[in-house]
Structures are given as structure tokens and as C-alpha cells.
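Peer 1: If you scroll down you'll find the structure; I have some questions about it.
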Amino acid sequence: MEKNKRPLVTTVIPVYRTQQYLRRCVDSVLSQTHRNLQIILVNDGSPDGCPKICDAYAKRDERILVIHKRNGGVSSARNAALDVARGEFVTFIDSDDCVAPDLVEQLLATYQHFGGGIPVCAVTREMEKIRLGICGEGVVLMRQEAMRELTLVQEERPRFEGWSVGKLFERSLFSEIRFPEGVSIGEDLAVMYRLFDRAGKVVFVDTPKYYYNNNPRGAVNSNFSGKDLLGILEIWDGFYEFAKKYPEIASCVKDRAAIGAVGYYYQICRSGCKGQNIRSELRNRIRQNMPGMLYRKRPFFYKWRAALITVCPMLAKIVFVALGGWHRLRQFTRTGENTDVNS
């Protein structure tokens, strides 16, 4: 890409039950300093007012294309957009989030300055931390380093998450890659390591340009089933098989998948959900990877939970249920503390 060229960038926004946030999201895209955009709003069968909002925006701005489809999940929505995307580059934004006016400009500047790769900006959960201005400083991670980043847990402070948002991709990277449909959690991870491998490098700029809204009705905060958990375990299995050509990364992936199994086991127990079969599957995976979990440098609380699940699963269930009750009580107490008794 020529240094001063203004390439067409396709912005993909899946839309489902985000009526109260959608206008803020779309307005933040329309205000981009990089004007050469194709904006695709994919109404994924949303039952609220989102379809009308999408159509109203399309009438206001010719850059907006609306796709109306039956509900199939976020992967299905993104894939539908990729099938009609015309941009040289593609970026993804969730419809309950919003971005800085110079998000696209920053990502393009990073791509140009570092000679390709996948540019990544910082993501913040606090709107007031979004920063304006183009930063030329960045950290270059080659494919194996970038994939290693995907195996870190939050306590290890990874530079970026395996989400598709806050990143800019050459559209050609998706020539043989699509998001897995029928999967409700982990769909981003399923494609991210393959994209990193194809791109060869990732460039991270630690400037918050993307606001992640912790929507209580969003997919991340929704209850998940045993089928969902088996799906994410299969995604980690796929990552492990793919990473075998990089032995050091493969061992990190295997270890991280076991840590994920510990987290899922804990969540199932503390939520009171039934799921003996999935608990057995998770416990087997944890047991198989105990040596790596114990000897690799990881947060301690994952290790003691893993050991408890492996040695005494019944006691683990009792402890995790108690922790869940304590957590809910703490949340209730905090809510009470924030309530004005005179109102």
C-alpha cells in the first residue's frame, strides 16, 4: 500500500439486541477521521428496534450497507459481511461498543509505519481512557510471539486479547478463513491464531482506541451450556494441533487449555448448573495436564483449584459453590452500599 493512499476499509458491525447502544456505536464509526469506509451493519435477526435503526442510518449515509438475516450468531453475521466486503482492509466492532474517532487512522498508520502485519490498539473498559492522537510507537511480535500472547490469562497481563475487535486485517487474510458458526464462545480465538500465522507479525500500539462495554446481556456475560463448553474445548484442541509445528507454543496452548478447563469447572459449580458429564470431561483434561500446570509459571489460584478438582472433585464442588455464594453476597452488599436509603 502506498504511504499516502487512502484505502477502503470495511467496518463490520454485527447487530443483535443492542438497541440502547447501537446509535452510539454507529455514530463513532461515522465520525472516523479516515473517511473512505464501507460500513456493514448485519442485523442478525434482532427482535428489538435495531433493524429500523440500521435502515435509518443506511438512508443517511451511502457508505452504510445493511444485511438483514435470520439469527445465526455473531460468527454467522461476520461471515455474511466478509462475503460482500470490498475493502482492502477489514476491522470488526461490536454493536454495544464504540471507538475513538481516529481508530481506523491509527491502525492504518501502524500498518504503513511497520510495513504490514496485523495492527492492534489497546482496548479499554473505561470510556474516559480513550485517547486521541496518532502514535507511531509500537511493539512488533512475530507470529510465534503473537500466538503465545493468546495463551496468557488476564492475571499475566497480556498485551492484547484474542478478540477480533481493535485490530485491522488485510481482507486477503480471510480468503480461506471464516469464523466457526454454531459456536457461542471462543469464536474469535478459532480464527485469530490462523490469521496471526498468515500475517507473519502483529504490531501492538498501547493507545486505547476501542471502548469495550461490559454489557450484562452480551454473549460474554450470558450463561453457557455444556455444549458451549465442549465447543470451546474443541477450539483449544484445534489451536493445539495447529501449533504443533511450533513445539514451544503448542505446550503453552495445552497448558492454557487446562487453565480454561479449571475456570469452566469453577463456573459450573458456583452457578449451581447441572453437568456431571461436562465436569468429568473437564476434570480429565485438568488431570492430564497437571504437570504442566504445576511447574509452569502461572497464577497460584489456578494451581490450587486444579489440584483440588483432581484429588477431590466432591470437595471442589462444595468449595466452589460456597465461593459462588460468597461472591453473590459480596455483590449484593456492594449494591446495598451504593443505594441511597433516602430516595
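The values are calculated or read from the model by the stated rules, or taken from the named source; none is laboratory data. Values in this document were obtained by computation on a predicted structure and should not be read as measured data. Ideal geometry is used to build each Cβ from the backbone, glycine not excepted, and the neighbour counts take in all protein chains shown. Each accessible area value is taken on the protein alone, full model and side chains, heavy atoms only, with ligands, DNA and RNA left out. Shrake-Rupley method; radii C 1.70, N 1.55, O 1.52, S 1.80 Å.
Peer 1: Mind telling me which of the residues Asp48, Asp27, Asp83, Asp94 ends up being in contact with a helix residue (DSSP H, G or I) (Cβ under 6 Å, 6 or more places away or on another chain) and open to solvent by 20 Å² or more (accessible area, probe 1.4 Å)?
Peer 2: Just one listed residue meets the conditions, Asp48.
Peer 1: Return yes or no: is Val191 part of a strand (DSSP E or B) and in contact (Cβ under 8 Å) with a residue 24 or more places away in the chain?
Peer 2: no
Peer 1: Go through segment 2-24 and count every residue that is surrounded by fewer than 19 Cβ atoms within 10 Å (Cβ to Cβ), within 20 Å of Arg86 (Cα to Cα) and touching a strand residue (DSSP E or B) at 6+ places or on another chain (Cβ under 9 Å).
Peer 2: Residues that pass the stated criteria total 2.
Peer 1: Moving to a separate point now. Sort out which residues of segment 118-140 are touching a strand residue (DSSP E or B) at 6+ places or on another chain (Cβ under 8 Å) and either assigned to a strand (DSSP E or B) or of a type in the set (A, V, I, L, M) (or both), and write them in order of number.
Peer 2: Matches in segment 118-140: Ile118, Pro119, Val120, Cys121, Ala122, Val123, Thr124, Met127, Ile130, Val139, Val140.
Peer 1: Look through segment 56-67, keep the residues that are in contact with a strand residue (DSSP E or B) (Cβ under 8 Å, 6 or more places away or on another chain) and assigned to a helix (DSSP H, G or I), and return whichever of them is most open to solvent (accessible area, probe 1.4 Å).
Peer 2: Ala58
Peer 1: Kindly provide the set of residues from segment 81-137 that are under 17 Å from Pro208 (Cα atoms) and among the polar types (S, T, N, Q), ordered by number.
Peer 2: Matches in segment 81-137: Thr91, Gln106, Thr110, Thr124.
Peer 1: Collect the residues in segment 70-117 that are among the hydroxyl-bearing types (Ser, Thr, Tyr), touching a strand residue (DSSP E or B) at 6+ places or on another chain (Cβ under 8 Å) and not in a loop (DSSP other than H, G, I, E, B), keeping them in residue-number order.
Peer 2: Those that are among the hydroxyl-bearing types (Ser, Thr, Tyr), touching a strand residue (DSSP E or B) at 6+ places or on another chain (Cβ under 8 Å) and not in a loop (DSSP other than H, G, I, E, B): Ser76, Thr91, Thr110, Tyr111.
Peer 1: Here's a check for you: in segment 68-80, which residue that is hydrophobic (A, V, I, L, M, F, W, C) and touching a residue at least 40 places away in the same chain (Cβ under 8 Å) is least open to solvent (accessible area, probe 1.4 Å)?
Peer 2: Among those residues, the one meeting the criterion is Ala77.
Peer 1: Report, by residue number, each residue of segment 202-232 that is open to solvent by less than 50 Å² (accessible area, probe 1.4 Å), closer than 20 Å to Glu128 by Cβ, out of contact with any Leu (no Cβ under 7 Å at 6 or more places or on another chain) and at pLDDT 85 or above.
Peer 2: Val205, Thr207, Pro208, Tyr211, Tyr212, Asn213
Peer 1: On to the next question. Scanning segment 141-175 for residues that are open to solvent by less than 10 Å² (accessible area, probe 1.4 Å) and outside any loop (DSSP other than H, G, I, E, B), which turns out farthest from Gly186 (Cα to Cα)?
Peer 2: Filtering first and then ranking leaves Leu141.
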